[in-house]
Amino acid sequence: MIALPRLGVVLAAVLATSCGAALRTLPHGPGAPSADVAAVLAEATATCQRISTLTAEVAISGRVNGQRVRGRVLTGLAAPSSVFLDAAAPFGASYFMYAARGDRATLLLPRDARVLEHGHPGAVLEAVAGVPLGASDLRLTLTGCALASATSATAGRQHGTQWRVAIAEGGESFLHRASPSEPWRVVAVRRVEREVAWRADYSDFESGLPRTIRLVSSDPRRFNLRLSLSQVELDATLGADVFELKIPASATPISLEELRRSGPFGSPSAASIPSSDRPQEPSTE
């Protein structure tokens, strides 16, 4: 495997500070029909739509399944659906390594010599990191392009001169500009995954891309995370072998259910998340 630069990474439950300031206040209500929402969305996502690869160091803080977390993960992403994540510890073996291409993912737990192969990317990442994103969705979410294709908008509305909302299957993209002389930006996305509502908020833009992302579930027992991107490099050449893990011969298989029970964050039991819960807007606190 081509080596990416190793970083001091700690991804473990610790006594961490709060996830940060309140989420951005978004417009609500019916607004007015927007005839220009597709053009606005295309302008707001022009930069992220052109990205073919991205590498970054991602600092993570917040809560997953009720546990406070803080860490840094080395991340490599390539269009359309390739991901490499390395949660490497300051000393010794990584906490986990994750690689996905298309609809298959591999997770290696080097410290336990356990491996999960041929898993569904979204299910595996949710079990190990709390967030239900597949390989393509993770790339689009981190770059601000989730639900942001101009062709995907089925309707739009406007709230004054500063806001547009693009409505697509599975969610909404919130577009904002402070004045007519400033560019439109995707500042938030609301989605529903498997009957769970969650949102992504974007801020600290540099060269058209967000450097700070909040991922917040409507159910506070699931996830409330702040991601800060640094050492961002765009469109570097990443060979296919970057997204393949070298599995030690000594590694023994672990099932998805085992990972959910005993992974870094575990999973809430079915009893703690009633199936009758309906999606709610994530808290702004």
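The values are calculated or read from the model by the stated rules, or taken from the named source; none is laboratory data. Bear in mind that the values here come from a model prediction, so they are computed numbers and not experimental data. We place every Cβ from the backbone using ideal geometry, glycine too, and count neighbours over all the protein chains shown. Accessible surface is based on the protein model in full, side chains and every heavy atom, while ligands, DNA and RNA are left aside. Shrake-Rupley method; radii C 1.70, N 1.55, O 1.52, S 1.80 Å.
When only residues in the range 75-93 that are in contact with a Phe, Trp or Tyr (Cβ under 8 Å, 6 or more places away or on another chain) and not in a strand (DSSP E or B) count, which is surrounded by the most Cβ atoms within 10 Å (Cβ to Cβ)?
Residue satisfying both the conditions and the ranking: ALA88.
THR25 - would you say it is touching a His at 6+ places or on another chain (Cβ under 8 Å) and either surrounded by 15 or more Cβ atoms within 10 Å (Cβ to Cβ) or of a type outside the set (Gly, Ala, Ser) (or both)?
When the stated conditions are applied, THR25 does not pass them.
Collect the residues in the range 224-252 that are assigned to a strand (DSSP E or B) and closer than 22 Å to LEU107 by Cβ, keeping them in residue-number order. Working first, answer last.
Of all residues in the range 224-252, those assigned to a strand (DSSP E or B) come to 224-234, 252.
Within the range 224-252, LEU225, LEU227, THR252 meet the criteria.
As an exercise: evaluate PHE96 against (1) under 15 Å from the mean Cα position of the chain (by Cα); (2) open to solvent by less than 30 Å² (accessible area, probe 1.4 Å) and give the number of the one condition it does not meet.
That leaves (1) as the condition not met.
This table checks each residue for (1) aliphatic (A, V, I, L, M); (2) crowded, with 24+ Cβ neighbours inside 10 Å; (3) modelled with pLDDT under 90.
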| residue | (1), (2), (3) |
| --- | --- |
| ARG101 | no, no, no |
| LEU107 | yes, yes, no |
| ALA148 | yes, no, yes |
| GLY170 | no, no, yes |
| SER173 | no, yes, no |
| SER179 | no, no, no |
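Looking at the range 154-167, I want the residues that are within 13 Å of ALA39 (Cα to Cα) and have a partner that is assigned to a strand (DSSP E or B) and of a type in the set (S, T, N, Q) with Cβ atoms under 6 Å, at least 6 apart or on another chain. Which pairs are those?
If the second residue must be assigned to a strand (DSSP E or B) and of a type in the set (S, T, N, Q), the pairs left are ARG164/GLN158; ALA166/SER173.
Are any residues in the range 50-63 at negative phi and either surrounded by 16 or more Cβ atoms within 10 Å (Cβ to Cβ) or among the hydroxyl-bearing types (Ser, Thr, Tyr) (or both), and if so, which ones?
Residues of the range 50-63 at negative phi: 50-61, 63.
Across the range 50-63, the qualifying residues are ILE51, SER52, THR53, LEU54, THR55, ALA56, GLU57, VAL58, ALA59, ILE60, SER61, ARG63.
If you go through the range 192-203 one residue at a time, do you hit one that is touching a Leu at 6+ places or on another chain (Cβ under 7 Å), open to solvent by 20 Å² or more (accessible area, probe 1.4 Å), outside any loop (DSSP other than H, G, I, E, B) and of a type in the set (D, E, K, R)?
no
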